[in-house]
Amino acid sequence: MSETDFAAFTTKSPEDRTIMHVLYGLHTIAWVSGGTLAVIALIVNYIKRSDETDAIYASHHNYMISTFWWTVLWLLVTMPLWLLFVFPGFIAYAIVGLWYLYRCIRGWLRFNDNRPPR
């Protein structure tokens, strides 16, 4: 069994933690901008994930990316409910929005505790 070369891993700087907090913040308040902030955060997630060597940070990038794409999928799936009546569409979008908010806050709190998102 080979030993892990821990010197090859770079230590995370306070700036790296700040970037992750900003990304979680952008995802969390994305509803204010109609999703524009989430798209910006998603692009940064993809860029930062490709350079990531820390497993915790990489898993949080993956978590934010998957949360975004699952939310888009569920918004598209529930879109026909708006054609029936406004109320079912509103309820469906509210549930999806609350789920998105829950995932963002849960991931952010787990990141703050230095734990993986799942």
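The values are calculated or read from the model by the stated rules, or taken from the named source; none is laboratory data. Because the structure is predicted, anything quoted here is derived from the model rather than measured. FYI the Cβ positions are ideal-geometry reconstructions off the backbone, even for glycines, and counts take in every protein chain you see.
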Revision key, fill the gap. Going through segment 38-64 in order, the residues found to be crowded, with 16+ Cβ neighbours inside 10 Å and out of contact with any helix residue (DSSP H, G or I) (no Cβ under 8 Å at 6 or more places or on another chain) are 59
Check your understanding: Looking at segment 33-45, is at least one residue in contact (Cβ under 8 Å) with a residue 40 or more places away in the chain and not in a helix (DSSP H, G or I)?
Key -> no
Review point. Which members of segment 16-58 meet the condition of being farther than 28 Å from residue 93 by Cβ and among the polar types (S, T, N, Q)?
Key: 18, 50, 53
Check your understanding: Applying the selection to segment 66-81, what residues are within 10 Å of the chain's Cα centre (by Cα) and surrounded by fewer than 16 Cβ atoms within 10 Å (Cβ to Cβ)?
Key -> 66, 69
Point to revise | Matching option when the condition is modelled with pLDDT of 95 or more and crowded, with 16+ Cβ neighbours inside 10 Å, among 100, 93 | key: 100
Revision key, fill the gap. Taking segment 68-88 and keeping residues closer than 27 Å to residue 107 by Cα and either assigned to a helix (DSSP H, G or I) or touching a Leu at 6+ places or on another chain (Cβ under 6 Å) (or both) leaves 68, 69, 70, 71, 72, 73, 74, 75, 76, 77, 78
Practice item. State yes or no: is residue 25 surrounded by 10 or more Cβ atoms within 10 Å (Cβ to Cβ), closer than 20 Å to residue 102 by Cβ, small (Gly, Ala, Ser) and modelled with pLDDT under 95? Key: no
